[in-house]
Amino acid sequence: MCIINITSFLIYCIIVTFTPGPTNIVILSTVHNFGAKKAMEYTYGATFAFGLLLTISAVLNTILITIIPKILILMQIIGSVYMLYLAYQIYKMEVSEPAEIQTGTFASGFLMQFVNPKVVLFTMTVIPSFVMPYYTSTSALAAFAAAITIIGFFAFVTWVLFGVMFKELLRKHQKAVNIIMALFLVYSALMIWM
């Protein structure tokens with residue numbers, strides 16, 4: 001029995017989950033504009049969806065592989081439009097706005113994962129690439145899906161903490177920060193098509 005290459009598996013998981021992407025950018029922006037509590041609410045939704053996507057990938061991998069081009073095109077369109085919408089919302093955000101915001105909720109964190117091509121591609125590749133060649137039992141796949149979900153949660157929380165640590169600096173330069181965060185989201189949306 002072969003053993004999974006844990007080092008390359010962990011490096012892949014950490015690089016994909018900790019690097020800036022649409023979910024992490026929205027988390028940082030939410031901390032900046034509405035505080036850690038709202039960002040954690042978003043994080044819980046994003047984490048739950050992340051784990052669900054990993055589970056779906058593990059269970060339905062063979063079916064998804066046969067229809068992946070159609071799924072990717074649809075996800076690219078939906079994901080790009082949603083990211084551009086979020087970019088616009090972040091750009092026009094003001095501190096004086098009420099704390100009720102669509103991007104700082106459990107539901108928006110959950111939804112973002114399903115339209116975030118970075119997450120969808122990651123969840124569709126990590127299990128079949130690193131786990132399934134060595135382990136195919138339901139318990140092993142569930143254990144790896146849980147471990148990857150925990151790594152993702154730690155990545156999201158890291159972005160929340162980053163936002164909390166630099167909140168005053170970010171608040172002082174709010175408009176510039178909002179523009180930068182919006183531009184990162186626009187960039188993420190455009191990178192889908194590159």
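Read the figures in this text as sums done on the coordinates, not as results from a lab. Computed from a predicted model, the values in this text were never measured in an experiment. Methodologically, a virtual Cβ is constructed for each residue, glycine included, from the backbone with ideal geometry; neighbour enumeration extends over all protein chains shown.
Looking at the square roots a ≥ b ≥ c of the eigenvalues of the Cα gyration tensor of the range 122-183, which shape do they give, rounded for a/c under 1.5, prolate if a/b is larger than b/c, or oblate? All intermediate terms of the calculation are to be shown ahead of the outcome.
Working: a/c = 6.51, a/b = 2.92, b/c = 2.23.
It comes out prolate by the Cα gyration axes.
How much length is gained on full extension from ILE15 to SER139, taking 0.36 nm per residue of separation minus their Cα-Cα distance?
The ILE15-SER139 span can extend by a further 42.1 nm.
What FRET efficiency do you get for VAL59 and VAL164 if R0 is 30 Å and r is their Cβ-Cβ distance, rounded to the nearest 0.05?
0.25
Quote the convex hull volume per residue of the range 13-53, based on C-alpha atoms, as a whole number of Å³.
So the per-residue Cα hull volume is 62 Å³.
With label points built 7 Å along Cα→Cβ from the Cα atoms of LYS37 and LYS175, find their separation and express it in nm.
3.0
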